[in-house]
Amino acid sequence: MVEKLKYILWLTPFISFLLGYQLIASLLKTSEYVLMPNLIGTTTQHGIKILATQKLNPRILMEKEDPDLPEGTIINQKPRPNQKVKPNQSIFLVISKRPESLLAPNLIGKTITEIEYMAKIQNIKLKHLYLDSTESKNMCLAQLPEPNQKLERKKLTIYISKGQSPTVIFPNLKGKNSKECVQFLKKFGINPKLYKNGQPILIENTNDDLVIEEQKPLPGSIFNLENQISIQLLVKST
């Protein structure tokens, strides 16, 4: 019994040493973990410096086109921010790059249908501006950027012909039969308003006894048929 007790006492220091070593090793192992810093929005160079201070290894996983960010901006990371990571662990980064520069196609002289089809294929965003022109309606007159110039952000402004404006000179209707005048104006999509003695009358009530006494607009006035215009005819009995 005494020999057994001596043996146990002899082993006690070694057992205590092993237990203490495991406890310290466990504490050291726990302290090796660090929280993953948030690198999103920083430049690649700055992000690498931050990882170096934490003894972490950056790895560029991929580059992603983004026209709104400076080239080399970190837009994603794995592990995510605030996750526990070990020293020397690999950190995978997704960084931005500028889209490849395209040259503007030559759209001048093409129709709006052709242009929109081409833009859809090349993923180009169009801005339409319409101008009065003697050229055919819906034809491209000009563009920005000009043909073969760099196309930034795949955006292109085109100037489209509205065609020639249908302007007319208003005729002199004074003294003419109101019924015939109303029929004449309706051919051009114009619905005049009739007045007799200062009071409006229905067009349906016009007859061969009523003639135009005054008119608005005055004879010789120029106006565009595409614009709405108020035509007032003052009539009187013959």
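The values are calculated or read from the model by the stated rules, or taken from the named source; none is laboratory data. This structure is a prediction, so every number in the text was calculated from the model and none was measured. Virtual Cβ from ideal backbone geometry, glycine too; neighbours counted across all protein chains shown.
Results for (1) within 30 Å of Leu102 (Cα to Cα); (2) touching a His at 6+ places or on another chain (Cβ under 8 Å); (3) assigned to a strand (DSSP E or B); (4) outside the structural domain of Asp66 (by TED's automatic domain parsing), shown as yes or no for each residue.
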| site | (1), (2), (3), (4) |
| --- | --- |
| Met118 | yes, no, no, yes |
| Leu129 | yes, no, yes, yes |
| Ala142 | yes, no, yes, yes |
| Leu156 | yes, no, yes, yes |
| Asn172 | no, no, no, yes |
| Gly175 | no, no, no, yes |
| Phe184 | no, no, no, yes |
| Asn191 | no, no, no, yes |
| Pro200 | no, no, yes, yes |
Residue check: is Thr73 of a type in the set (Ser, Thr, Tyr), surrounded by fewer than 13 Cβ atoms within 10 Å (Cβ to Cβ) and modelled with pLDDT of 80 or more? no
If you take the residues of segment 55-69 that are over 31 Å from the mean Cα position of the chain (by Cα) and surrounded by fewer than 16 Cβ atoms within 10 Å (Cβ to Cβ), which of them is nearest to Leu93 (Cα to Cα)? Arg59
Among the residues of segment 153-181, how many are free of Cβ contacts under 8 Å to residues at least 40 places away in the same chain and not hydroxyl-bearing (Ser, Thr, Tyr)? 9
Among the numbered criteria (1) touching a strand residue (DSSP E or B) at 6+ places or on another chain (Cβ under 9 Å); (2) at pLDDT 85 or above; (3) farther than 30 Å from Leu103 by Cβ, which one does Thr167 miss? (2)
Out of Leu234, Leu185, Leu210, I need the residue that is aliphatic (A, V, I, L, M), within 30 Å of Gly163 (Cβ to Cβ) and surrounded by 13 or more Cβ atoms within 10 Å (Cβ to Cβ). Which one? Leu185
Which of the numbered conditions does Lys179 fail, given that it passes all the others? Conditions: (1) out of contact with any Cys (no Cβ under 9 Å at 6 or more places or on another chain); (2) assigned to a strand (DSSP E or B). (2)
How many residues does segment 93-115 contain that are of a type in the set (Gly, Ala, Ser), surrounded by 15 or more Cβ atoms within 10 Å (Cβ to Cβ) and within 30 Å of Leu131 (Cβ to Cβ)? 1
